[in-house]
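Q: Once you've had a glance at the structure underneath, I'll fire off some questions.
The values are calculated or read from the model by the stated rules, or taken from the named source; none is laboratory data. Note that the coordinates shown come from a computational prediction; the quantities given were computed from them, not determined experimentally. Every residue, glycine among them, receives a Cβ derived from its backbone with ideal geometry; neighbour counts consider all protein chains shown. SASA here: full protein model, heavy atoms, side chains in, ligands and nucleic acids out. Shrake-Rupley method; radii C 1.70, N 1.55, O 1.52, S 1.80 Å.
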Amino acid sequence: MAKLKYSDIDPRKKAFIFELDNVLYPAKDYIYQIYYLFANLLEYTDLTDAKQTTNLMIDTYINKGADAVFDELVHTLKVDEKYRPNLDLLMATGKVPLKLLLYQNMLEFLQDAVTDRKKLFIVTNGNPQQQLNKIKHLEWHGLEPYLIAYFADETKPKPEPDVLHLLMKEYQLERRDLLMIENSETDALCAQTTGIDYLNVNEFL
C-alpha cells in the first residue's frame, strides 16, 4: 500500500502536531546509546563488562520494557542499587555519541511543510528535560527555527487536552487548522478529545 506524503494532506491545514518518540525518529536510537554510556560508566567504576551490560539492558528493554532494565541489572549482574540515579540522570541529560536521525519520510514531510509555510509543533509527553535533550541530539537538517516544542508534562500529560488548547490559544489556531500525527492510543484520544484530525505515523512510514 502506498505511504502517505505531505502532498496527500488537506492543503487547508495550517499546522501539524507531532509526538517525538517513534513518530519523528526511533526512540530506541536514543535509549540504546544511553545504555551504552551507562554500561561504560559501570565498567569504569565496577569493572563489569560493558558489552555484556549493554546487551542485557537492550534485551531487557525489548522483552520487558524500560522500567525493568535496572532491576534486571541488579538481579543478573548484581549491580549496586546506588547506580540507579546515575542511569536516570543519563537518560535525562546524557550526551549521546551519535546524532539521532529522523525517519526519512518524516524529514521529507517536515521539509515540504516548511516550504509550504506551515507551522510545526512537537507536543511530547515525558520528562521535559529528557525530551529536550533528545531534540538537541536530533539531526534536523536546518529545520530547528521552524519547530515549536511543547512539553505536555508542564501542563497536563496527554491524553489531557490542556496542552493543545494552550497551543491553539497562543498561535490563534482553530481545531480545523490542525492535524496531529501520532503513534499511540494516548495521542489519538487527545486529538479526539480536542476535536482535531489525526493520522497514525505508520501511514507515512
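Q: List every residue whose amide H lies under 5 Å from the amide H of ALA149, counting only residues 5 or more places away in sequence or on a different chain, with H placed 1.01 Å from N in the peptide plane.
A: Those qualifying (amide H under 5 Å, at least 5 residues apart or on another chain) are ILE122.
Q: If you don't mind, there's one more thing I want to ask. Please name whichever of ALA15, LEU77, ASN127 sits farthest to the positive end of the charge dipole of the range 1-140, dipole taken about the Cα centre and charges placed at Cβ: Lys and Arg +1, Asp and Glu -1.
A: So the residue furthest toward the plus end is ALA15.
Q: What number, in nm² with one decimal, is the all-direction average of the projected area of the convex hull of the alpha-carbon atoms of the range 85-146?
A: Working: hull surface 19.3 nm².
If I average the Cα hull's projected area over directions, I get 4.8 nm².
Q: Another question about this same structure. Accessible area per residue, 1.4 Å probe, Å², for the chain: what's the number?
A: Numbers: 11040 Å² over 205 residues.
Roughly 54 Å² per residue, with all protein chains present.
Q: So which of LYS64/LYS156; LYS99/LYS158; LYS13/LYS158; LYS28/LYS169 end up more than 32 Å apart, counting from Cα to Cα?
A: The answer is LYS28/LYS169.
Q: Amide H of ASN200: which non-local residues (sequence gap of 5 or more, or other chain) have their own amide H closer than 5 Å, using H built in the peptide plane?
A: Close amide H contacts, sequence-distant or interchain: GLU182.
Q: Oh, and also: Based on alpha-carbon centroids, what's the gap between the range 145-165 and the range 1-42 in Å, whole number please?
A: Taking the Cα centre of each part, the range 145-165 and the range 1-42 sit 16 Å apart.
Q: Over the alpha-carbon set of the range 1-115, work out the extent along each principal axis and list the three values in angstrom, largest first.
A: Each principal axis gives a Cα extent; for the range 1-115 these are 57, 27, 20 Å.
Q: On to the next question. Please name which of LEU179, ALA66, MET91 has its Cα lying farthest along the dipole of the chain towards the positive end, using unit charges on Cβ (Lys, Arg +1; Asp, Glu -1) and the Cα centre as origin.
A: Of the options given, the answer is LEU179.
Q: Here is a follow-up. Which order do MET106, MET1 take by accessible area at a 1.4 Å probe, largest first? Can you show the working numbers first?
A: Details: MET106 0, MET1 210 Å².
Largest to smallest exposure gives the sequence MET1, MET106.
Q: Rounded, prolate or oblate: which one fits the range 86-205, using the alpha carbon gyration tensor with axes a ≥ b ≥ c (rounded when a/c is under 1.5, else prolate when a/b beats b/c, else oblate)?
A: oblate
Q: Roughly speaking, to the nearest percent, how much of the chain's 1.4 Å accessible area is carbon and sulfur?
A: Carbon plus sulfur share of accessible area: 51 percent.
Q: For LYS3, list the aspartates and glutamates whose Cα falls under 14 Å from its own Cα; do not include residues on the same chain fewer than 8 positions away.
A: Candidates past the 8-residue exclusion: GLU108, GLU203.
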